[in-house]
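Step one of this worksheet: look at the structure below.
The values are calculated or read from the model by the stated rules, or taken from the named source; none is laboratory data. Predicted model, so just to flag it, every value in this text is computed and none were measured. For neighbour counting, all protein chains shown are included, and Cβ atoms are generated from backbone atoms with ideal geometry for every residue, glycine included.
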């Protein structure tokens, strides 16, 4: 049976595996995202403009937040910020009907993106077990 060793794992490792399983679902969003925008009736040019705005916001926020991260934040607070903003972003995508909704969601993900660089190392600090 595939889950035969599940009970032998530490609680922290099991929680992390469950978390990864749930957190990987939104990855499919980025694959089908342009298709979703086309189904909403956006033109190819508008999708290109929206993605251009997204990457410009991403570059700007990475620079600004990178400068502001000289202050010390606790690892748990960083994880909470990343995941909370990700939830808000995905909720906005689910109700988005106009380009401004997408721009707001893009701004939110641009704010949280600088924290993603440290995400795996923060997890390693929070869950130091080898398992």
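Annotations for the structure displayed:
- Output for segment 37-61, where each listed residue is closer than 23 Å to residue 112 by Cβ, surrounded by 15 or more Cβ atoms within 10 Å (Cβ to Cβ) and in contact (Cβ under 8 Å) with a residue 40 or more places away in the chain: 37, 50, 53, 54, 57, 58, 61
- The residue list 31, 87 contains one member that is closer than 20 Å to residue 116 by Cα and modelled with pLDDT under 80, which is 31.
- Flag if residue 20 is over 15 Å from residue 101 (Cβ atoms), at pLDDT below 80 and under 21 Å from the mean Cα position of the chain (by Cα): yes
Here is a yes/no grid of residues against (1) at pLDDT below 85; (2) out of contact with any helix residue (DSSP H, G or I) (no Cβ under 8 Å at 6 or more places or on another chain):
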| residue | (1), (2) |
| --- | --- |
| 8 | yes, yes |
| 13 | yes, yes |
| 41 | no, yes |
| 58 | yes, no |
| 64 | yes, yes |
| 71 | yes, yes |
| 95 | no, no |
| 113 | yes, no |
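- Long-range neighbours under 8 Å by Cβ, at least six apart or interchain, first residue touching a residue at least 24 places away in the same chain (Cβ under 8 Å) within segment 84-112, second buried (at least 17 other Cβ atoms within 10 Å of the Cβ) and outside any helix (DSSP H, G or I): 99/42; 102/96
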